[in-house]
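These notes concern the structure reproduced below.
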Amino acid sequence: MISAVRTNKPAAGFTLIEIVLVLAIASVVLGGAVGMMVYSSDERVLRNASGEVELLAKRARTLAILKQTPYALEFREGVVRLLPLAQAGVQEKRGRKAETLTEGSDDSRQYNFENGMAVSILRWNTETWLPTVKETVHVWRFDPDGLCEPLSVRYSLDKSTAEDTYHPLTATIRDSALDAR
């Protein structure tokens with residue numbers, strides 16, 4: 001004989017503790033993701049500046065070899081410019097802004113650094129970083145024989161820094177260090 005016994009099944013669903021636990025885990029993961037996005041923002045800006053300066057250095061070396069005339073990268077506050085060496089380092093007249101170089105020109109290009117980015121230069125066989133501040137110009141020469149001065153460039157944005165050391169034969173980055181915070 002079959003007995004008809006009624007059993008009470010517990011109600012399906014989640015308890016309050018389970019919901020709070022899942023929300024806590026989700027907030028920790030989301031907080032880490034937001035932190036990584038902020039971290040990678042400074043890293044992205046520093047890497048972009050580093051890559052642009054390396055492209056300008058390669059272009060300066062190539063133009064110097066092809067045109068058999070010295071070229072230079074000119075570091076000023078907030079900008080790095082590629083131009084023939086004869087035009088590099090010329091101080092601009094007071095009250096007049098720097099000429100904007102045309103992007104289509106083979107002889108002259110420029111890259112404007114992000115707002116607040118500080119750039120410093122370390123010349124060969126020195127120990128002091130030279131900042132690019134108002135009224136100073138640092139010229140990096142590229143000769144027609146393909147050689148350039150071994151140089152290091154430091155980019156600083158808030159508390160994050162990147163340092164690149166360039167090879168004198170290829171004008172490419174030989175060593176790079178990034179400290180993004």
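When only alpha carbons of the range 138-181 are considered, Rg and Dmax amount to 12.4, 40 Å. Fully extending the segment from Val34 to Glu18, taken as 0.36 nm per residue of separation minus the present Cα-Cα distance, adds 3.3 nm. Measuring between their Cα centroids, the range 146-170 and the range 41-56 lie 11 Å from each other. The residues of the range 24-91 have, on average, 53 Å² of accessible surface per residue, using a 1.4 Å probe with all protein chains present.
The values are calculated or read from the model by the stated rules, or taken from the named source; none is laboratory data. Quantities reported herein were computed from a predicted structural model and do not represent experimental measurements. To get the accessible areas, we keep the full protein, side chains included, count just its heavy atoms, and leave off ligands, DNA and RNA. Shrake-Rupley method; radii C 1.70, N 1.55, O 1.52, S 1.80 Å.
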